[in-house]
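Please treat every number below as a calculation from the coordinates, not as lab data. Quick caveat, the model's predicted, so the values are computed rather than measured. Ideal geometry is used to build each Cβ from the backbone, glycine not excepted, and the neighbour counts take in all protein chains shown.
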Amino acid sequence: MLNIGLTGGIGSGKSTVDLFFREEGAYIIDFDELAHSVEEPDRPAWTGIVAAFGHSILNENGTINREKLGAIVFSDREKLKKLNEIVHPAVIEEWKRRIAEIQKKDGRAIVISDIPLLFEAGLQSLFDMVILVHISPEEQIRRVMKRNSYNREQAQNRLRAQMPIDKKITLADFVINNEGTLDQTRTIVHEVWQRLREEEQKKGRIIDVPR
Ligand code: ADP
């Protein structure tokens, strides 16, 4: 098994690249989706959040009202920290559970975990390698404006909340340039996939004395 982290700035094309890796045969774990799943009623993070913030942040059906919770934590750093302390360990536990499940099914799997803030959260040590999806900050702003119907200022604010993408380049093992067409990116993903397969095959290989 090869355990790969995939990251990039907002709008750099992580979801798009995930899709191309899935076509190649990768198993994809999406951390945003994991975070949502551990916050479902009676799951570990849900229980912790209700204990810390009270029942008033719940919808009538018992799910967490994200707008209410957001309004509380985004105006108070301490509360945001508290929320992260509840959610992050639950997400990592759930991730480990899913990795174990895949390992059981397919010992030669290449698993790609899509984590928007992988470097900001210092999660590199969970992975054999990290892939960065890269586009220039100017193109990031253009794509986020288009995708989210944001104005320039809203897009710029989202970018500013993250580590600059050029700093992320220095921390990654592979950088996928997603500035070109989708077909070009698909070709790059195919190339990276070949290298990942080679890496996976090297794992556990014994280097013996030359005869
Ligand atoms: P992320 O998951 O990193 O936030 P997405 O994969 O959602 O980014 O891509 C951001 C936006 O840019 C989406 O609307 C997507 O369709 C578009 N996009 C992604 N890659 C390309 C590309 N190579 N050329 C043009 N648009 C792209």
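Below is a table of values for the structure above.
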{"read-out": "Using alpha-carbon coordinates, inclination of helix 77-105 to the longest axis of the chain, degrees", "value": "40"}
{"read-out": "Estimated distance in nm for a label pair at residue 68 and residue 103, the labels positioned 7 Å out from Cα along Cα-to-Cβ", "value": "3.9"}
{"read-out": "Label-zone membership for segment 46-77, site residue 92, 7 angstrom Cα→C-beta point, backbone N under 20 Å", "value": "46-49"}
{"read-out": "Label point distance in nm, residue 208-residue 139, each placed 7 Å from Cα along Cα→Cβ", "value": "4.7"}
{"read-out": "Contact order normalised by residue count of the chain, Cα under 8 Å, 6+ apart, percent", "value": "37"}
{"read-out": "Whole-angstrom gap from segment 124-142 to segment 97-120, using each part's C-alpha centre", "value": "17"}
{"read-out": "Dipole magnitude of segment 13-145, debye to nearest 20 (Cβ charges: Lys/Arg +1, Asp/Glu -1, about Cα centre)", "value": "200"}
{"read-out": "Beta bridges per DSSP with both ends in segment 2-204, % antiparallel, nearest 5", "value": "5"}
{"read-out": "Cα centroid of segment 4-39 to Cα centroid of segment 145-163, whole Å", "value": "20"}
{"read-out": "Cross-link pairs 14/79; 14/146; 104/202 - those with Cα-Cα distance over 27 Å", "value": "14/79"}
{"read-out": "Over the chain - Rg/Rh using Cα atoms and the Kirkwood inverse-distance radius", "value": "1.01"}
{"read-out": "Options 126, 99, 111, ranked by Cα towards positive dipole end of segment 80-134, top entry (Cβ charges)", "value": "99"}
{"read-out": "Rounded to 10°, Cα long-axis angle of helix 182-202 versus longest principal axis of the chain", "value": "70"}
{"read-out": "Gain upon complete extension [residue 23, residue 179; 0.36 nm per residue less C-alpha separation]", "value": "54.1 nm"}
{"read-out": "Residue (of 44, 21, 11) at the positive-pole extreme of segment 9-49, dipole from beta-carbon charges", "value": "11"}
{"read-out": "Amide proton proximity set for residue 176, modelled H, under 5 Å, gap of 5+", "value": "132, 133, 134"}
